[in-house]
Amino acid sequence: MSVNKYTVSSSPHIRSKDTVQGIMGDVFIALLPAAIAGVWFFRFSALFIILISIASCVGAEAIWQKLTKQKVTINDFSAAVTGLLLALNLPPTVPFWIPIVGGVFAIIVAKQFFGGLGQNFINPALAARVFLLTSWTPQMTSWTLDGVTTATPLALLKEGALQLPSFTDVFLGNIGGCIGETSAIALLIGAAYLLYRRVISIRIPATFIGTVFILTWLIGRDGMFYSNAIYEIFTGGLILGAFFMATDYSSSPVTEKGQYIMGLGCGIITVVIRLFGGLPEGVSYAILIMNLAVPLIERYTMPKRFGEVKQ
Amino acid sequence: MQLLTFKRGIHPPDGKHLTENKPIEYLLPKGDLVYPMVQHIGAPCEPTVKKGDRVLVGQKIGEAKAYVSAPVHATVSGTVKNIAPMLHPNGDKILSVIVENDGLYEEHESIGPKGDYKNLSREQIIEIIKEAGIVGMGGAGFPTFIKLSPPPEKKIDSIIVNGAECEPYLTSDYRVMLEETDRVVTGLKIILKLFPEAKGYIAVEDNKMEAVKALLEETKNIDNIEVKLVKTKYPQGAEKQLIYAVTKREVPSGGLPADVACIVQNIDTVVAIHRAIVRGRPLMRRIVTVSGGAVKDPKNFKVKIGTSYRELVEAAGGLVSEPVKIISGGPMMGMALTSLDVPVCKGTSAILCLTKEEAELPEEQNCIRCGRCIAACPMNLMPLQLNQYAIHKEIDKFEAIHGMDCMECGCCSFVCPAKRHIVQSVRTAKKLVRSNKKNA
């Protein structure tokens with residue numbers, strides 16, 4: 001018997017060049033414009049938070065996998081993406097330990113406890129944000145811009161304040177808010193890149209933002225048809241959440257129809273919280289709640305197989 | 001011309017440039033010929049010769065003993081050297097007749113024109129095709145005479161000749177359409193004689209426009225034959241997908257093309273029918289693409305069935321680098337071989353010697369639920385879930401989400417960024433389901 005030199009494996013014998021690393025790298029690249037805008041508006045503190053957050057997530061993943069004797073998979077970039085996303089969801093003025101606690105929670109509790117990459121049923125960065133928000137509310141809800149304490153546009157809207165930041169400031173990101181959520185233009189550039197690279201489809205973000213737009217306009221803060229719905233979709237975490245977090249692979253539906261339902265559900269919950277809830281912003285909670293419904297959504301939105309026999 | 005297609009599918013790198021402009025070369029065998037008694041779906045043949053017998057070109061050496069089977073013929077004249085189990089391209093050892101070629105190519109008396117097909121009856125044509133041992137030459141190897149004998153309650157209105165050739169690297173069908181256009185068309189005419197009410201279609205992907213032109217020219221005065229342009233997309237040539245593209249009908253799950261009034265035939269099969277009727281020759285030769293990055297001079301060959309793969313690779317200049325994988329058939333659905341010492345069978349469409357760069361076996365990572373497999377699956381299944389259920393042997397759930405509908409085209413594994421071996425797991429689960437059913 002001669003030694004077999006050839007690989008004998010099941011077909012197909014050729015594979016596409018796409019890799020998990022490549023996809024995660026694309027998400028990271030797509031988040032960079034928002035990160036740069038955050039550093040531009042919030043200066044050194046933002047950069048500091050971003051770096052600590054990424055380091056905590058990557059470190060937490062490596063240490064956990066070492067301790068549990070698994071293969072260390074930090075080179076798939078998924079932990080780095082979670083770290084960057086988490087940082088973009090934090091106010092620029094948080095103390096340095098906030099991103100560390102958040103990063104450890106995101107990676108170990110939300111991701112690794114459930115089996116690691118692709119197995120987490122909620123978005124790790126969002127889970128960490130909400131965990132931090134409920135545990136250290138003052139630190140997580142103090143906003144400053146150019147050293148001056150300020151309020152987010154949504155909080156101002158909720159209070160019924162008359163003086164709101166201009167639409168231009170809202171669109172560019174020159175407003176109070178989390179590091180990466182304020183600059184709509186930067187987020188949209190990143191989103192366009194993700195769509196162009198076909199990392200995400202437009203289904204979830206379009207239905208999510210569309211639903212928020214229509215419902216905000218329909219219901220309105222000041223009665224029906226009396227609110228500036230365009231202004232509102234660019235405030236808060238909607239653009240960041242719709243393009244970068246509601247589309248998270250492992251915590252959103254894989255089916256096409258399911259993705260529309262995901263977007264719709266996120267949109268409805270967001271508007272309900274924004275207009276009627278006690279909090280100014282509801283994007284994070286909306287996505288997390290819909291994350292829990294994903295298995296159910298998938299079960300009822302399975303594609304109809306080719307050649308399905310009519311019963 | 002309207003461009004037809006199916007939903008989903010993929011666009012793999014096609015590799016056809018290596019051989020698409022290489023005219024078919026006729027290759028005579030040098031060494032012994034090996035004729036496995038299984039070259040089709042169905043019951044194995046029984047050898048009709050014994051060691052030491054002299055056989056002639058076209059002589060039947062394997063007799064079909066069951067309805068679903070196809071006889072095997074000698075393709076050279078010479079002496080039966082042995083009858084023994086030999087390595088088959090499918091990886092098994094199969095009882096084979098080994099013939100030492102005397103180089104005389106003396107023909108058996110049974111060879112000879114069967115007369116004008118227009119004067120033959122339906123039964124006569126079916127019988128000739130059956131006796132010629134013709135099977136589907138796209139790879140599946142289902143006996144053609146059975147395909148052409150649907151139950152009388154199934155009316156057939158479309159005969160589709162499959163010139164899609166969607167597998168990367170393969171150009172044998174393309175060369176046949178280009179070089180033997182008239183035979184393809186006459187072969188289809190013969191099939192249409194069996195189904196006078198049906199219309200004939202020759203479906204060709206739009207990356208083979210030279211073949212389309214030749215076919216259009218050849219069929220311009222024929223009313224009941226139409227050339228259909230289909231989109232270059234894998235798996236356009238899968239039977240159900242091709243039927244959908246051409247007729248917009250979906251073959252029901254678990255059903256056959258005849259359920260939607262269609263019959264699909266491979267290009268080379270149609271040419272084999274032409275040869276069997278017009279020239280009275282059984283299925284003895286086929287066109288094989290020898291290609292891949294490790295082959296010095298990739299080519300298309302017309303070879304005698306039974307010729308060793310090794311001879312073909314040598315005739316293509318041999319290997320320039322050490323391949324990591326040798327494949328019988330296309331890279332999407334072909335079989336990986338352990339050795340080149342296997343014979344060309346009726347279903348051998350290609351021999352590919354792929355380099356590390358072309359076909360390295362990647363390491364599996366966790367599924368990230370990106371959903372690309374769903375977007376690629378031409379059967380509209382959920383490959384990522386099938387993969388999970390298959391791995392965990394949750395066979396009931398596997399069946400409940402229609403795992404048995406998978407045709408193993410490989411689109412999901414191809415697109416998977418985590419490089420999961422989805423098709424492999426599904427294949428194993430399907431086998432398990434079948435064996436459970438058998439034992440139940």
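The numbers here are math on the coordinates, done by the rules we state, and not lab data. Computed from a predicted structure; not experimentally measured. Don't worry about glycine lacking a Cβ; one is built from the backbone with ideal geometry, like all the others, and counts go over all protein chains shown.
Things to note:
- Relative contact order computed over segment A:176-267 (Cα-Cα under 8 Å; 6+ residues apart), in percent: 39
- Here segment B:231-292 and segment B:373-440 have alpha carbon centers that stand 25 Å from each other.
- The label-point distance for A:K5 and A:R197, in a model that sets each label 7 Å from Cα toward Cβ, rounds to 4.0 nm.
- Computed from the Kirkwood radius of its Cα pairs, the Stokes-Einstein diffusion coefficient for chain B at 4 °C and 1.567 mPa s stands at 58 µm²/s.
- Rounded if a/c under 1.5, otherwise prolate or oblate - chain A, Cα gyration tensor axes: oblate
- Between B:T338 and B:K193, the contour length at 0.36 nm per residue exceeds the alpha carbon distance by 47.9 nm.
- Rg and Dmax of segment B:289-440, Cα atoms only, in Å: 18.0, 52
- In this simple spin-label model, placing a label point 7 Å from the Cα along the Cα-to-Cβ direction at both A:D222 and A:V101 gives a separation of 4.0 nm.
- Note on segment B:1-76: dipole from Cβ charges, positive end direction compared against B:P44, B:Y26, B:Q59; the farthest Cα belongs to B:P44.
- Farthest toward the positive end of the dipole of the protein assembly as shown, out of A:T235, B:V303, A:L126, is the Cα of B:V303, where the dipole comes from beta carbon charges about the Cα centre.
- Taking the Kirkwood radius as Rh and the Cα radius of gyration as Rg, segment B:116-279 has a ratio of Rg/Rh equal to 0.93.
- Within segment A:274-296, backbone nitrogen closer than 12 Å to the virtual label 7 Å beyond the Cα of A:T137 toward Cβ: A:278-280
- For segment B:25-74, the square roots a ≥ b ≥ c of the C-alpha gyration tensor eigenvalues yield an a/c of 1.5 or more together with a/b not exceeding b/c, which makes the shape oblate.
- Separation of the B:K30 and B:A43 label points, Cα + 7 Å toward Cβ, nm: 4.0
- With contributions of -39500 (n - 2.57) from each DSSP H run of at least four residues, the per-residue ellipticity at 222 nm computed over the protein assembly as shown stands at -11500 deg cm²/dmol.
- Two-site FRET efficiency, B:R434 against B:K93, from Cβ-Cβ distance with R₀ of 22 Å, rounded to 0.05: 0.50
- Each Lys and Arg contributes +1 and each Asp and Glu -1, all at the Cβ; summed about the Cα centre of segment B:372-439, the dipole is approximately 240 debye.
- Residues A:I230 and A:F113, FRET efficiency given R0 of 25 Å [Cβ-Cβ distance, rounded to 0.05]: 0.05
- Computed FRET value (nearest 0.05) for A:T168 with A:L51, which takes r as the C-beta separation and R₀ as 25 Å: 0.25
- Unit charges on C-beta of K, R, D, E only; dipole of the protein assembly as shown, Debye: 1140
- The length gained by stretching the chain between A:W40 and A:N75 to full extension, at 0.36 nm per residue less their Cα-Cα distance, is 9.7 nm.
- Compactness of the protein assembly as shown as Cα Rg over 2.2 N^0.38 Å, two decimals: 1.16
- Among the cysteines of chain B, those whose beta-carbon sits 4.7 Å or more from every other cysteine beta-carbon are B:C45, B:C166, B:C262, B:C345, B:C353, B:C367, B:C370, B:C377, B:C406, B:C409, B:C411, B:C416.
- Whether segment A:115-194 is rounded, prolate or oblate, judged on the alpha carbon gyration tensor where a/c under 1.5 counts as rounded: oblate
- Considering only alpha-carbon pairs that sit under 8 angstrom and 6 or more positions apart, the relative contact order computed for chain A is 17 percent.
- In terms of other Cβ atoms within 10 Å, B:L104, B:L352, B:L194 run from fewest to most in the order B:L104, B:L194, B:L352.
- Simple rule: put +1 on each Lys or Arg Cβ and -1 on each Asp or Glu Cβ in the protein assembly as shown, find the dipole, and look at A:L275, B:G329, B:I98; the Cα lying farthest toward the positive end is B:I98.
- Burial ordering of B:H88, B:H40, fewest other beta-carbon atoms within 10 Å first: B:H88, B:H40
- Span per principal axis, largest first, for the Cα atoms of segment B:372-439 (Å): 37, 19, 17
- Only Lys, Arg, Asp and Glu carry charge here, each on its Cβ (+1 for the first two, -1 for the last two); on that basis segment B:116-279 has a dipole of about 220 debye about its Cα centre.
- Residue order for A:R221, B:R275, B:R369, fewest other beta carbons within 10 angstrom first, comes to A:R221, B:R275, B:R369.
- The protein assembly as shown: antiparallel DSSP beta bridges as a percent of all, rounded to 5: 60
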